[in-house]
Amino acid sequence: MTGLVFYYHGKSPNQAFDVLHSAIQLSERHSLTEYYDEFLVDAYVLADDKSSRTVAIDFDNTITADVDFYLNLIDAYRSDGWNPVVCTLRDRTESDIEEMKALLYDVPIDIYTSGGNPKQKYMLAQGICVNLWIDDFFPGICPEACQLLSNNGIDP
Ligand SMILES: [Mg+2]
């Protein structure tokens, strides 16, 4: 398996990112860049609401890109007092949920399905602020020119 390149452009300290950063270093396979390059980056790590303890992890091409890494990461977040959740653009069909749960080895984790809607808005409508997003497809989180993207150094 080839290493994944994570993008993070946080300007201020972020403890939610620190957990991921440790996991990346421990993996000795994945790496980190602060340069936005859509041809190089595999997963975008976007800092959102600092007061939240929720970390939203995308499923397709994020968790599925290295399931063992993300299962360990989910564990690491839990043991450090964070609330890791899955947030996907998929619909909430029974087969989708079953497929995702099976890949996560039935680890109990909340799965949020935005059904193709922008994830940030969708989560806020559920009353959930997210501290950190981990996602291979940032346009799925919020539309172009949204504050979250520019705050994280992305100017699509
Ligand atoms: Mg994805």
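The values are calculated or read from the model by the stated rules, or taken from the named source; none is laboratory data. Bear in mind that the values here come from a model prediction, so they are computed numbers and not experimental data. Cβ sites come from the backbone with ideal geometry, for glycine too, and all protein chains shown count toward neighbours.
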Condition set among the aliphatic types (A, V, I, L, M) and in contact with a helix residue (DSSP H, G or I) (Cβ under 6 Å, 6 or more places away or on another chain), scope the stretch 76-102, selection surrounded by the most Cβ atoms within 10 Å (Cβ to Cβ): answer is LEU89
Selection from the stretch 55-69 of residues that are more than 12 Å from the ligand (Cβ to nearest atom) and either surrounded by 15 or more Cβ atoms within 10 Å (Cβ to Cβ) or among the basic types (Lys, Arg) (or both):
VAL55, ASP66, PHE69
Single residue of THR93, THR113 found to be polar (S, T, N, Q) and within 14 Å of the ligand (Cβ to nearest atom)
THR113
It is to be established whether one or more residues within the stretch 25-43 are within 17 Å of VAL86 (Cβ to Cβ), under 13 Å from the mean Cα position of the chain (by Cα) and of a type in the set (A, V, I, L, M, F, W, C).
yes
Check the stretch 122-129 and report whether any residue there is over 20 Å from PHE6 (Cα atoms), at pLDDT 95 or above and within 16 Å of the ligand (Cβ to nearest atom).
yes
